[in-house]
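These notes are about the structure you will find just below.
The values are calculated or read from the model by the stated rules, or taken from the named source; none is laboratory data. Note that the coordinates shown come from a computational prediction; the quantities given were computed from them, not determined experimentally. Heads up, the Cβs are rebuilt from the backbone with ideal geometry, glycines too, and the neighbour counts pull from every protein chain shown.
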Amino acid sequence: MRILAVVLACLVGSVAGTVGSAAVASSHNHDWGHDNCVTVNAAGADWAGRDLHGQRLEYTDLSRGNLRNVNLRDAKLTCVDFRGADLRGADLRGAELTGVDFEGAQLEGAVFDGVRAVGISAPDGTLSALSNEQLHALMNGCTGCNFADADLHGRNLSGIRLTGADLANANLRGADLRGSYLTGVDFSHTQLAGVKLENAALIGCSFRGVDLSSVDFSTARMTGDDFRTRL
């Protein structure tokens, strides 16, 4: 699911006319389905504090790079690899994020207000250090994003909107999803004990392999969801 989402995200960027612009940096192929997306290599680059306000950054490997306090406000990022990068204090307000990989990046203090995210990847523990406000800003409105295996237990995600997100094997125990609007979200094998779902809309979501014994769906609005207990 996540590979398809990322490939589609790259195609969206291409159609939008982002492909072919001069990249501000560089990247090589990696293992998350971007074989034709990442072509310029700037892995490990030191861009701390650089002003890239409004720039286009495409098909670029900045994994393990130092981007502390970088200004990416209103930037257009397509198929950029930030895996393991230091993005602490980065300003991404209003940025367009298409097929961007944040796996293992340091995101403490990064600002995501107003971002538009399609096919981004932030699995496993990537989101753990973010505040509830940062989480909401990054995830809200996200389409086709990969948050598999994320630890979001007890987090306040009320009112969040997700479409086609991958939350398989995530920990959402006790999380607040009240008033959220979730379409086509994959909750397969996700821990949902005590999750708050009052007035949430769940449309075409998958709950395969989930222990539903301690999940209260009584006040949620549900359509076309998959509750098969086994894959």
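One residue stands out among those in segment 84-108 that are within 15 Å of the chain's Cα centre (by Cα) and in a strand (DSSP E or B): the one that is farthest from ASN140 (Cα to Cα), which is GLN106.
Residues in segment 52-74 that are surrounded by fewer than 24 Cβ atoms within 10 Å (Cβ to Cβ), assigned to a loop (DSSP other than H, G, I, E, B) and of a type outside the set (S, T, N, Q): LEU52, HIS53, GLY54, ARG64, ARG68, ARG73, ASP74.
Each row is one residue, and each column tells you yes or no for (1) at pLDDT 95 or above; (2) not basic (Lys, Arg).
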| position | (1), (2) |
| --- | --- |
| THR183 | yes, yes |
| THR190 | yes, yes |
| ALA193 | yes, yes |
| LYS196 | yes, no |
| ASN199 | yes, yes |
| LEU202 | yes, yes |
| SER206 | yes, yes |
| SER218 | no, yes |
| LEU231 | no, yes |
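Each residue in segment 135-161 was checked for being farther than 20 Å from VAL195 by Cβ and in contact with a Phe, Trp or Tyr (Cβ under 6 Å, 6 or more places away or on another chain), and 1 of them qualify. All conditions in (1) closer than 23 Å to GLU133 by Cβ; (2) touching a Gly at 6+ places or on another chain (Cβ under 6 Å); (3) not charged (D, E, K, R) hold for THR78, with the sole exception of (1). Number of residues in segment 125-139 that are surrounded by fewer than 17 Cβ atoms within 10 Å (Cβ to Cβ), of a type outside the set (A, V, I, L, M, F, W, C) and not in a helix (DSSP H, G or I) equals 3.
Hey, any hits in segment 129-150 for a residue that's modelled with pLDDT under 95 and on the phi < 0 side of the Ramachandran plot? Checking segment 129-150: at least one residue is modelled with pLDDT under 95 and on the phi < 0 side of the Ramachandran plot. Take SER218 and tell me if it is within 23 Å of LEU97 (Cα to Cα) and of a type in the set (S, T, N, Q). Considered against the rule, which asks whether it is within 23 Å of LEU97 (Cα to Cα) and of a type in the set (S, T, N, Q), SER218 comes out as no. Going by the conditions given, is CYS142 among the hydrophobic types (A, V, I, L, M, F, W, C), more than 24 Å from ARG93 (Cα to Cα) and buried (at least 17 other Cβ atoms within 10 Å of the Cβ)? Answer is no for this residue.
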